[in-house]
Amino acid sequence: MHRNKISRIVQSVPPSGIRRFFDLVTGRDDIISLGVGEPDFVTPWHIRETCIYSLEKGYTSYTPNQGLIELRELICEDFYRNYHLSYQSDEALITTGVSEAADLALRAIINPGESVLVPEPSYVSYKPCVSFAGGKPIPIETFREDEFRLIPEQIKKHVTPDTKAIILSYPNNPTGAIMERKHLEEIADAIIEHDLLIISDEVYSKLTYNNHHTTIAELNGMQERTIILNGFSKSHAMTGLRIGYALAPMELLSALAKIHQYTMLCAPVTAQMGAIEAMKKGEEEMQKMKKEYNHRRRIFVKRLNDIGLDCFEPQGAFYSFPSIQTTGLNSEQFAEQLLKEQKVAAVPGSVFGRSGEGHIRFSYATSLNELKIALERIEQFLNR
Amino acid sequence: MKNVREMKEMLEVLEHDPGILPNDLAVMLGIDVEEVTKDIRELENNGIIRGYRTIVDWDAVGEEYVYAVIELNVALEDRRGYDAVAERIAGFPEVLSVRLISGDYDLSLTVRGKSMKEVAFFVAEKIAPLEQIHGTATHFVLKTYKENGAILFDEKKPERLSITP
């Protein structure tokens, strides 16, 4: 008698579409990769040095479950300064990357069978995490003509009585779209009308190029229903250090904290020390990196349009998401052929949801020189 | 030139990458290429841009330059103060930099020569005899690790995974 060893939920989740491309690229050093979802900068030295020093001093034990109090206080101050939002340090939870925070938020709120709206194209983990938490992910499309912003009609069209929450992730990976205050206001009514919770993944909030980031929690009546997720990976080039955080009103936050204390216990102390340094003294280096991304963004996006790939101007993060429809290829074919013929790696839009089809994600978190070589190769590919 | 912030941004890019094409610079900063060319000329003319230099690791091509940091004690004898002596020293092509410093010494120079002997003679013949100079300390450079912000040792960049979500 053989019982299937793997849970039905886990079996039901398809493997990540990125995996195949990863395997094609692994071990090759002749490839220029525009497929990377992390900064090309090394963590600023003052942050690394703080981590090293904390190890030398012997800071290697557990921290409080919710994270070092100093770090939580600094985060709360930052939110007050930037968004005039008040959070107590008890309403902040330090997590092992934003990924953990997203997982906790979903597990904390979903009852079996409840659904969560996931605007797409979006980061690849949301739908699987909803499923793992026993919920039902409902993808909703965003469109190129709206510059991939979420519009209220799409919420109304897909919401059901079972819908518990909506995930927002702006600035967006993979499109680079942002939601300005007026756009957030447009969807706020629909959210209140259907009494949805909001999980707002704002990990790219520090990387916006024309506008200061607005968090939906700033809007009237929103803070009480919003779980803000953010972290240090993108803003301070600390991806491998794995520090994220969640901010939410006490009732919600303690639910996340409950799971966290039984599963993760606490985020790594060394990285938390680094995050404190980043909060205190990281602004200048962060602005430098942002300026550099902005320069690359302008050059890269202009050239993409020049060589015939229609690309709207991404306003945040470090991705461009051009349409490849003129090539007659679907996004997987495009990515695979571009890789094989011109040795440029990118991620097909379809990986980020059905509405990503017809597009390709190019990351410009790569040196300007490499970007230029890649652009020449892409041009050759288009003219073949 | 639109405003100070933009001018500074342009200078930051140029300082880091003096060889950048005006076209690229224009797109990067979101301004016209004509304006960029005009602005650069203006910055050169009014002395804000003082020059463009290539940082060369001469050791790597086997060119045996000798560098020395030389500290000087200066006794002021006229009202022109340190400037007079500093400007005079700055005239020698062997001298790469001249700085007025705080502490035990007053001026700090970087000098380049073909040999230790050449540098030593230069100091003995041209610098030490100046009336205002009352003492010198010569430190020969054994190895340069970083020059004008550029790392001169081989630094392996940690690798990233080539595809990540």
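Overview of values
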| quantity | calculated |
| --- | --- |
| Average beta-carbon neighbours from other chains, 10 Å sphere, peptide A:270-283 | 0 |
| Highest average packing first - A:228-239, A:107-118, Cβ atoms within 10 Å | A:228-239, A:107-118 |
| Euclidean distance of C-alpha centroids, the stretch A:290-333 and the stretch A:170-247, integer Å | 23 |
| Built amide H within the under 5 Å cut-off of A:Ile198, gap 5+ | A:Ile166, A:Thr226, A:Ile227 |
| Per-residue ³J(HN,Hα) for the stretch A:243-250, Karplus 6.51 cos²θ - 1.76 cosθ + 1.60, θ = phi - 60°, Hz, x for Gly and Pro | 10, x, 7, 10, 10, 6, x, 2 |
| Stretchable slack from A:Gln333 to A:Asp146, in nm (0.36 nm times residue separation minus alpha-carbon distance) | 64.8 nm |
| Relative packing of B:43-54, A:270-281, A:60-71, which averages over residues the other C-beta atoms within 10 Å, highest first | A:270-281, A:60-71, B:43-54 |
| Calculated from backbone phi, Karplus (6.51, -1.76, 1.60) coupling profile of the stretch B:128-138 in Hz, x at Gly/Pro | 4, x, 4, 3, 6, 7, 10, x, 9, 9, 9 |
| Reach of B:Lys8 by Cα under 20 Å, taken over aspartates and glutamates that are not fewer than 8 positions away in the same chain | A:Glu283, A:Glu284, A:Glu285, A:Glu292, B:Asp17, B:Asp24, B:Asp32, B:Glu34, B:Glu35, B:Asp39, B:Glu42, B:Glu44 |
| Mean separation of Cα contacts under 8 Å (6+ apart) over length of chain A, as relative contact order % | 24 |
| Shielding by partners, peptide B:23-30 (average Cβ within 10 angstrom, other chains) | 5 |
| Straight-distance crosslink candidates among lysines, where the alpha carbon sits under 30 Å from A:Lys182 and sequence neighbours closer than 8 are dropped | A:Lys127, A:Lys136, A:Lys156, A:Lys157, A:Lys164, A:Lys206, A:Lys234, A:Lys288, A:Lys290, A:Lys291, A:Lys302, B:Lys2 |
| Surrounding net charge for A:Ser363, when Lys and Arg each add one and Asp and Glu each subtract one, Cβ distance under 14 Å | +1 |
| Average beta carbon contacts from partner chains per residue of A:31-41, 10 Å cutoff | 3 |
| For A:Ile191, net neighbour charge (Lys/Arg +1, Asp/Glu -1) across residues whose Cβ lies under 11 Å away | -3 |
| Estimated vicinal HN-Hα couplings, Hz - the stretch A:327-336 in sequence order (Karplus 6.51, -1.76, 1.60; Gly, Pro = x) | 7, x, 9, 7, 5, 5, 4, 4, 5, 5 |
| Sequence-distant lysines (8 or more away, or on other chains) whose Cα lies within less than 16 Å of B:Lys143 | B:Lys114 |
| Cα-based helix-to-principal-axis angle, B:81-90 vs chain B, degrees rounded to 10 | 80 |
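Only the coordinates and a few stated rules stand behind these numbers; no lab work does. Given the structure is predicted, the values throughout are model-derived calculations rather than measurements. No Cβ is skipped: glycine too gets one built from the backbone with ideal geometry, and neighbour counts run over all protein chains shown.
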